[in-house]
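Step one of this worksheet: look at the structure below.
The values are calculated or read from the model by the stated rules, or taken from the named source; none is laboratory data. Being a predicted model, the structure only gives us computed values, none of them experimental. Note that we place each Cβ from the backbone using ideal geometry, even for glycine, and neighbour counts take in every protein chain shown. Just so you know, the surface numbers come from the protein's heavy atoms only, side chains and all, with ligands and any DNA or RNA stripped out. Shrake-Rupley method; radii C 1.70, N 1.55, O 1.52, S 1.80 Å.
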Amino acid sequence: RHAGEEAVVNGAVSFTPQSGSVALGVTLDIGAEGANGQLSLNYDVSARGVRVAAKFTPVIPEGHVLALSGDVVFLQSKSLSRVVDVEGKVVRARWNDLGELQRITIVAEGVAPGHPISHGAKVALKAITGKTEAELLVHGLVPDAIGSGISGGGDPVQAVGSPADTPLWRLIRAAGEGKVYSNDDISFEALDGSGRKLSMTPEGAVVAMASSDSSKFQIKVKERPAPPRVGFRGRLTDGFEDVEWFGLGPHEAYIDRQSSARVGQWKGSILDQTFKYVRPQENGNKLHTRWMALERRRDAAGCAGLLIAAEAPHVPGSGLGMQCHRYNIDDFGGPEDKLKQQFKHAGELESRAETDFCVDAAQMGVGGIDSWGRKPLPEHMINPGDSFQWTFSLRPFTSEEAPADRRALALSALAQEA
């Protein structure tokens, strides 16, 4: 979700003076160590504004894939040739499947989400143990105290840890020092100083002193999903009050929520573009937008607003996805752990003087076709192998260029010039 915030410049930034403008070119590695892909950017900066041409190319892993903190993994027991599964609080290895019961999330202490895990890392192993109408129940795998053994030797391991992110294991890579990759042979030693290791027996998971094939696992990293959106975010200084756009409206529209929207020219206050669902979440998108004008107060001197104009995009539909808010967009989604979300109810959101905006080449659907937790249909997801190429312009305009009495027509003309 936040891979773009970890972008790193790859190579030199090109700088080319041109007649009336300056061209800047840069390539960014997206995500930790470029794990998510590469973004090529070309900026054409002039007195008129900034033209942005972008191309996103995802990484298609070849061979072994790095295990990252926060990844969903599968642990195949070397002795049983079956994959560890968790049902309720019971930890076993019953089948050689890579299904829902076998999904275990590995979180390394002191390692940011999406960054590689290395030999010797202190980790939490957590799994979904149930669900209520409101949330999924997640617990960590916990070694029982010494002497509480079950038949087959060793002490039980149960999925009862709360908070689930508490590290209770040290990951040991059979090959020694280095980063952990999918298909590596690994083991897990309890952090209680006992020297016991996570082991699998026909009866279930235990922690035992003996080091044998029962304590050895092959880690398999689940295929990572595509990003939920591909595009740009920006923030404008205070003073912007209203918005006009040409695209789907008058309300929000997404790839799987657009049948009641229609193409037209719409306007309203920026504050009104935020739809306050009970729990703050993604909202306010304007699908297939040709242009969007963010306008300052009518009495503002100089710049009357900023025009965002899409050029011919190489994505389905016509135009780009755009949205604007007088709220911090980060307050809508919150962190990965929703229990740690700062604002849990829409009424708690605090408006800001600044305006946040998005210009997206692609965004997955919002889902929820039969329940709040349902993911979007496959045709409404971004394919992990899809590349995107898109271009848009940021152009300030004055009251003289877009007079209030014929602003709509003037903005349309400016958008075509941009």
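Assorted remarks:
- Taken per residue, the accessible surface of the chain reaches 50 Å², heavy atoms only and a 1.4 Å probe.
- Highest-first packing order for the peptide set 342-354, 401-413 is 401-413, 342-354, based on the mean count of other beta carbon atoms within 10 Å.
- Packing order of peptides 78-85, 280-287, highest average first: 280-287, 78-85 (average count of other Cβ atoms within 10 Å over each peptide's residues).
- Each residue of the stretch 281-293 is assigned a 3J(HN,Hα), and the resulting list reads 7, 3, 6, x, 5, 10, 6, 6, 8, 7, 7, 9, 10 Hz, derived from the Karplus form 6.51 cos²θ - 1.76 cosθ + 1.60 (θ = phi - 60°), x at Gly and Pro.
- Per-peptide average of other Cβ atoms within 10 Å, ordering 232-238, 90-96, 289-295 highest first: 289-295, 90-96, 232-238
- An ellipsoid equivalent to the stretch 215-283, defined through the eigenvalues of its Cα gyration tensor, has semi-axes of 37, 17, 13 Å when rounded to whole angstrom and sorted largest first.
- The stretch 38-48 - phi-based ³J(HN,Hα) in whole Hz, Karplus 6.51/-1.76/1.60, Gly and Pro as x: 9, 10, 9, 10, 10, 10, 10, 9, 9, 5, 6
- When every Cα-Cα distance of the stretch 13-84 is counted in 10 angstrom steps from zero, the calculated P(r) takes the values 16, 29, 21, 16, 10, 6, 3 percent.
- For the chain, the percent of C-alpha pairs falling in each 20 Å distance bin, counted from 0 to the bin holding the largest distance, reads 23, 46, 25, 6, 0.
- Among the GluC sites (Glu not before Pro) found in the stretch 126-205, those both in a DSSP coil and sparsely packed, with 14 or fewer other Cβ atoms within 10 Å of their Cβ, are 133, 135, 177, 203.
- Charge sum, other residues only, whose C-beta stays under 11 Å from residue 174's C-beta, Lys/Arg counted +1 and Asp/Glu -1: +1
- Vicinal HN-Hα couplings computed from phi for the stretch 50-57 (Karplus, 6.51 cos²θ - 1.76 cosθ + 1.60; Hz; Gly/Pro x): 10, 9, 10, 10, 10, 9, 10, 10
- Between helix 407-417 and the chain: long-axis angle, C-alpha atoms, 0 to 90°, nearest 10: 70
- Alpha-carbon geometry of the stretch 126-273: the Rg and the Dmax are 25.7, 72 Å, given in that order.
- Taking amide H atoms as placed 1.01 Å from N in the peptide plane, the amide H of residue 66 lies under 5 Å from those of 182, each 5 or more residues away in sequence or on another chain.
- Ratio of Rg to Rh for the stretch 328-415: 1.08 [Cα atoms; Kirkwood radius as inverse mean 1/r over pairs].
- Theoretical FRET efficiency, 1/(1+(r/R0)^6), r = Cβ-Cβ of residue 191 and residue 348, R0 56 Å, to 0.05: 0.90
- Of interest is the spacing of the C-alpha centroids, which for the stretch 1-77 and the stretch 257-289 amounts to 28 Å.
- Apportionment of accessible area to carbon and sulfur, the chain, percent (1.4 Å): 52
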